[in-house]
Amino acid sequence: MTQLLDCAAYYTLMKLPLPSNRNGMLHNMKDEEFIREMDNGQYAITNMGALLFAKDLNKFSHLKRKAVRVIQYKGTGRTNAIREQVFAQGYAICFDEICRYIDTLIPQEEEIQIGLRKIHRMFPEKAVREMLGNMMIHQDLTMRGAGPMMEIFDTRVEASNPGCLLVDVNRIIDTAPHSRNEAMASFLRIIHICEERGSGFDRMEEGMSALKIPAPKVETGDDFARTKLYWYANLNEWMKEDKIRTCYLATCYYYVNEIPVANAILRERFGVEAKNKATVSRIIKDTVDSGLIKLADENAAPKLRRYIPYWA
């Protein structure tokens, strides 16, 4: 077992002392369902045990395609890949290493202020971290030949995994959490890699809001789920779709946190000054026209208008 699983890493992550004997380790591994005792008295490594603590997923023929791939491209298309890295260790072991590696690839924005040069990350660290955790725990492990993948472009980041999204794309902030791999999600929550209470997307939106860039975009089909982060230098560059999606998801975020949504708070989300409030008014109108948000009170005076999600 110890030839295939990094059992010592389990005790490090759990902040527990290493057992003094083999039986103690076997007890912990069985209790966590990382291994299972067979009828002949031998032990078999479970899929969860391998996915979390494998020294090398390539040693498990049915799981080797589940290793996390990180690909960086030059430009905005997939025709010019400049580097690719496959992380073959179990997710619990290499999660922080993957985060650090991605951090070195995230594009940066240079800003000159009063003669001083400042470098800013184009994408928030906590949003990228949540994307990585989500694609690990929400993947469909029954699908062969596909695994979790992070792709980094000049102005966007994508995270994709096999298996469709289990909730409505438009209800991703307020819906109770669903996971195909509940036991794995529970353990990753214990070691603070992911959230199990459904707040991961909220945290992503918080990070994007802080940088005044579009809310995450989520796509899904019969056999995949994908999350995208976009970067723009200013609001004038945003696509109309990005403005509407951001207005809607920001409204959802504020609503579930019991924060009244008026023009002023949405101006703050988009990074728009009060003198340009008409810009945000147009975005609000477009979002209302799309059916994603509505007035909380149809009879409210213009200055007292507050908005809520369509499902509220």
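Structural remarks
- In the stretch 125-162, the residues that are buried (at least 22 other Cβ atoms within 10 Å of the Cβ) and part of a loop (DSSP other than H, G, I, E, B): H138, Q139, G147, P148
Conditions tested, residue by residue: (1) over 27 Å from I137 (Cα atoms); (2) out of contact with any Gly (no Cβ under 7 Å at 6 or more places or on another chain); (3) not aromatic (F, W, Y).
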position: Q42; (1), (2), (3): yes, yes, yes
position: R65; (1), (2), (3): no, no, yes
position: Q85; (1), (2), (3): no, yes, yes
position: A88; (1), (2), (3): no, yes, yes
position: A92; (1), (2), (3): no, yes, yes
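- Close pairs (8 angstrom Cβ cut-off, 6 or more residues apart or separate chains): within 28 Å of W238 (Cβ to Cβ) in the stretch 286-302, modelled with pLDDT under 95 and polar (S, T, N, Q) anywhere: L292/N170
- The one condition in (1) of a type outside the set (A, V, I, L, M, F, W, C); (2) out of contact with any Phe, Trp or Tyr (no Cβ under 8 Å at 6 or more places or on another chain); (3) open to solvent by 10 Å² or more (accessible area, probe 1.4 Å) that K212 fails to fulfil: (2)
- The helices (runs of 4 or more DSSP H) found entirely in the stretch 1-67 that carry 2 or more residues being without any contact (Cβ under 8 Å) to a residue 24 or more places away in the chain are 7-14, 22-31.
- Residue satisfying condition, being over 16 Å from M184 (Cβ atoms) and either free of Cβ contacts under 8 Å to residues at least 40 places away in the same chain or in contact with a helix residue (DSSP H, G or I) (Cβ under 8 Å, 6 or more places away or on another chain) (or both), within set P107, P148, P124: P124
- Just one residue in the set Y253, Y232 is within 25 Å of M136 (Cα to Cα) and aromatic (F, W, Y); that residue is Y253.
- Within the stretch 180-195, not a single residue is closer than 21 Å to A312 by Cα and free of Cβ contacts under 8 Å to residues at least 60 places away in the same chain.
- When the residues of the stretch 181-198 are filtered to those that are modelled with pLDDT under 85 and open to solvent by less than 20 Å² (accessible area, probe 1.4 Å), the one that is farthest from C94 (Cα to Cα) is C194.
- Of the numbered criteria (1) in a loop (DSSP other than H, G, I, E, B); (2) free of Cβ contacts under 8 Å to residues at least 40 places away in the same chain; (3) out of contact with any helix residue (DSSP H, G or I) (no Cβ under 9 Å at 6 or more places or on another chain), the one R78 fails is (2).
- Qualifying position, being of a type in the set (D, E, K, R) and open to solvent by less than 20 Å² (accessible area, probe 1.4 Å), among R282, R269, R306: R269
- Residue within the stretch 202-212 that is out of contact with any strand residue (DSSP E or B) (no Cβ under 7 Å at 6 or more places or on another chain), at negative phi and assigned to a loop (DSSP other than H, G, I, E, B) present: no
- Single residue of the stretch 216-231 satisfying the filter (in contact with a strand residue (DSSP E or B) (Cβ under 9 Å, 6 or more places away or on another chain) and outside any strand (DSSP E or B)) that is surrounded by the fewest Cβ atoms within 10 Å (Cβ to Cβ): D223
- When we screen R36, R69, R22 for residues that are at negative phi, in contact with a Ser or Thr (Cβ under 7 Å, 6 or more places away or on another chain) and open to solvent by 60 Å² or more (accessible area, probe 1.4 Å), the only hit is R36.
- Given (1) open to solvent by less than 70 Å² (accessible area, probe 1.4 Å); (2) under 21 Å from M131 (Cα atoms), index of the condition R78 fails: (1)
- Test: residue in the stretch 107-114 that is at pLDDT 90 or above and surrounded by 15 or more Cβ atoms within 10 Å (Cβ to Cβ): no
- Filter result for A210 (modelled with pLDDT under 95 and either over 25 Å from K277 (Cβ atoms) or not polar (S, T, N, Q) (or both)): yes
The values are calculated or read from the model by the stated rules, or taken from the named source; none is laboratory data. Please read these numbers as outputs of a predicted model, since none were measured by experiment. Note that each Cβ is placed from the backbone with ideal geometry, even for glycine, and that neighbours are counted across all protein chains shown. Side chains are part of the model used for accessible areas, which takes the heavy atoms of the whole protein and leaves out ligands, DNA and RNA. Shrake-Rupley method; radii C 1.70, N 1.55, O 1.52, S 1.80 Å.
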